1. Would you calculate the separation in nanometres between label points at B:Y131 and B:T230, each defined as 7 Å from the Cα along the Cα-to-beta-carbon direction?
2. How large is the helix-only mean residue ellipticity at 222 nm for chain A, computed as the sum of -39500 (n - 2.57) over DSSP H runs with n ≥ 4, divided by its residue count, in deg cm²/dmol to the nearest 500?
3. Report the calculated FRET efficiency for B:T622 and B:A261 (r = Cβ-Cβ distance, R0 = 30 Å), to the nearest 0.05.
4. What distance in nm lies between label points placed 7 Å from Cα along the C-beta direction at B:H243 and B:L694?
5. Gain in length, B:I414 to B:T338, computed as 0.36 nm per residue apart minus the alpha-carbon separation, to one decimal in nm?
6. Could you tell me the calculated FRET efficiency between A:N130 and B:I707, based on Cβ-Cβ distance and R0 = 51 angstrom, to the nearest 0.05?
7. Cα centroids of the range B:298-356 and the range A:146-188: how far apart, whole angstrom?
8. Under 12 Å from the Cβ of B:C433, count the other residues' Cβ atoms, weight Lys and Arg +1, Asp and Glu -1, and hand me the total.
Amino acid sequence: MGTTASQLGKDLLSEYQELTFLTKQEILLAHKRFTELLNKDEKDHTARVSMNTILTLPELKSNPFKERICHVFSTSENKDGGLTFEDFLDLLSAFSDSATLEIKSHYAFRIFDFDDDGTLDYGDLEKLVNCLTGETQDTRLTSEEMRQLISNILEESDIDKDGTVNLSEFQHVISRSPDFVSSFKIVL
Amino acid sequence: MEVDTVFFTDHSGRVNSNPLLDQLPSYQSLLYRRKSSTAGPKRKGSSKARRSSSGSGKWAVNTVNRNEEKQKTLTLQRPIRELAKSMAEKRRNKTQCLENDQGLSSWRQWKQNTGRHLRRLRDDAQEWLSYLQLWRGDIHLIEGMFGTGILSYFSFLRFLVMLNLIIFVLVFSFVMLPIIIAPHAGGNITYNQNDGSNCSVYPSSARRGLVNFHEHITDLLSGGGFLEQTYLFYGYYKADKIHFPWTTYNLPLAYLLATVAYLFLSLVWIVKRSATGFKRNLIQDEDRFQSFCNKIFAGWDFCITNENAARLKRSSLLYELKTDLEEERIKQKIADRTRKQKCRIYLIRFILNLFVIGVLAACFYSIYIATIFSQEAQMSTVKVNFIVDLIFEYLPSIVITMANFITPLLFSFIINFEDYSPAFEIRFTLMRCVFMRLTSIGVLLFSLWSQITNCEKGSCVCGYNDKLYSCWETRVGQEMYKLTIFDFIIIIAVTIFVEFPRKLIVNYCDCGLAKWWGQQEFSIPQNVLEIVYGQTICWIGTFYCPVLPAICTIKYFFIFYVKKVSLIKNCRPSTRPFRASSSNFFFLGVLLIGLLLACVPVTVSVAQINSSRACGPFVNYTTSWEVLPSTVSKLPQGIKGLLFALASEAFAVSFFVITCLAMFYVIALAGAHKRVINQLREQLVMEGRDKRFLIQKLCQAQKISAIRSPVSKSQPRTSRSSPSYHTSFSNNFDEAVFLAHSPPDSSTHV
């Protein structure tokens, strides 16, 4: 990989520092890890890495929301979840230690919003719970338990009682959930 | 001109795609945020298409402009990196900002530039500082492998290392340093005079003649022999005053104040650390009914990189959810209990609690017996042999450790019959264990105290048993030293001789028993109790053994590595998860209880028990506390008057009244806040109801308009995913556009 610092350039580096929550070291490390994923011939910073390659990173490998994370942060035109280096930095920035609660909860909402319709409805919540507990038959909740669980969740979080959780309701819930900031974190 | 005609119906009957709904304020905010999900160029394209399709370019441009204006003000208000947008958009924002800056005066520009540079400098400095933090890498690694619950245990350990280090620095600089530097700085030390009475005889315990090697080890482990007359123990600090050329140092006063200072410092530090956790706990407690949301929305630990840990996390989440749902059902069951069942359960609980009390009493009694036996064995001059002596020396520690090992097992077995809810079961067992752990130290001290003040034949001339305990403070210090060392040895021994073989057996033996036994669980509460126990001993012991904080620092330093290796190699994380938020508060809460418990014996011995006449800094005073009044009486009149005024009843009463008033104010404030919150909540529910009502109305209106104006059916349908903004069939053109024109990028909204 050679000297990563020279590849990135000082101006670009300081710009990234300004636009993300990452420190210089973290950006350089991210660049190193990202270029390892790229093919030999494409080295410019607009090159896109496909989702499957990104998901080989150990930091994302065991994450049940890995596909969703890629889709949310991808700026790809054809919605294949591929990431450029800048998308990758965006991802790390949102998951970094110093990102604000608002940023984190915003991205968390979009990750959990499986059908991209702007609200968490019954289907989204069901998928979310299944992701958390695992998809196999013996780890799933029974449909009766699922129904009970989701009605509990909605009862707790759906303030305006419209049957779905929207972003502001979600952020309200998250702001009262002390574990969120410490657990919504990915460190390279 | 009917309002109905404004609305356009979607033939699928879905309300969601109604353009008017997109204009609701709540939805607008959502869309604004969601804009970042689509790439820049595409967005432009879609908005262009919309302009042509809407046929009212002016309006569209206006709204778009207005939106951009809004964004601009937003971006100006806060750092760009706090916007939830993709990098390209952030960059565009930044250049926009810079362009705006061009128009500013050079002074403003300069100010902004320096601000930016300063911020970057600060960030770099913080980055460098974080490198200095102890165990940064290790803690990262643990966090990555096991998540935040276990991480909190290790950061707690780090906190204790720091605390002990600071305490040691405090004690060292005010008590030891003056004595050490006195000969070099031209000072001379006046020692306390022996007045020749019975009380001041202090027989030396140093071994004479040929000393065997194993005796050195005994001394090292028990703090006796050659270690007794060193900086390690209270008895060594005989200096009364240290005369430096420029000043006179009052060592007894410094000793006492250092003791008060370290206890106070620990209190302040713990309270400060737990304040945030306490606040969170308050919020959570108030809001019990949010537990499911916390588990679902904040349940996954994104830090986890280990496949195994991820699987564990999944199963623990599943377990947690199931038990929570179960708990709801159990609550239902409890509510449905008949009177007869209730009576039975209360009877069982009563009997089991009696049993628990009996077990505790038995443990405490055996600690008491062991302490007295051990003290008498140490006093007797007959030495049996090396090993037996050592066992006698360590008998109290051994009994305490045994009791602490057996009782938790017993308690967790008993709790099954008491039929509490699962969450309460865990908390209750834990409470019993905390009580057991910390009270056992109390019992040990109590038995020591009864030995020390127990004078046979009424020969208590000195206020304590001067025949056996010529320097009782050193003796207590030795006990604390032994407890600390033994605790350390046990922790290491358990890791090496129990957990490691267990892991080997489980891994390489296929028989059913081993499988059933399973790998050691890393249970956080038990581990925390272990180190809090050590810390309590350290707090108690520091008065009698000033080097103890340094020993504890080293001890915790090594325990960190031992626990880390044990966690990674030997253990599996507990299936019962431990939340980082609640745990931080729990750790500090238990630590606080330990501190309060440590304060009691130290206070009693400082203020009540006569200090030894044969050793230590307080020879000239009846009790250690007396040094303070006698120093105050030597102060100039003004300061003395002030101090007396501060200690007077008048001041105490007025201070109490003011505190009460402040408290009432805070209570009233809290009540008012609570009421406001309730009102706001009600208001929100009302708003929600309004919204639903309006939506219903809208649907009705749409249906009617669909029947009335068949024209709309002939309109070419656009695909579902692309935006459809139909405004053509309306008489008041402008209004229609305004209503039906949704903000950009509603296209993502299917």
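1. Inter-label distance under the simple model: 3.7 nm.
2. Numbers: 12 runs with 108 residues, N = 188.
About -16000 deg cm²/dmol.
3. Calculated transfer efficiency: 0.85.
4. If labels sit at B:H243 and B:L694, their model points lie 9.0 nm apart.
5. Details: separation 76, 0.36 × 76 = 27.36 nm, distance 2.35 nm.
Gain on stretching B:I414 to B:T338: 25.0 nm.
6. On the way: r = 42 Å, r/R0 = 0.83.
E between A:N130 and B:I707, to the nearest 0.05, is 0.75.
7. Centre-to-centre (Cα) distance: 22 Å.
8. Working: positive: B:R427, B:R432, B:R437; negative: B:E530.
Its environment carries a net charge of +2.
None of the figures in this text is laboratory data; all of them are computed from the coordinates on show. Computed from a prediction, not measured in an experiment: that's the story for all the values here. Backbone-built Cβ (ideal geometry, glycine too); neighbour counts: all protein chains shown.
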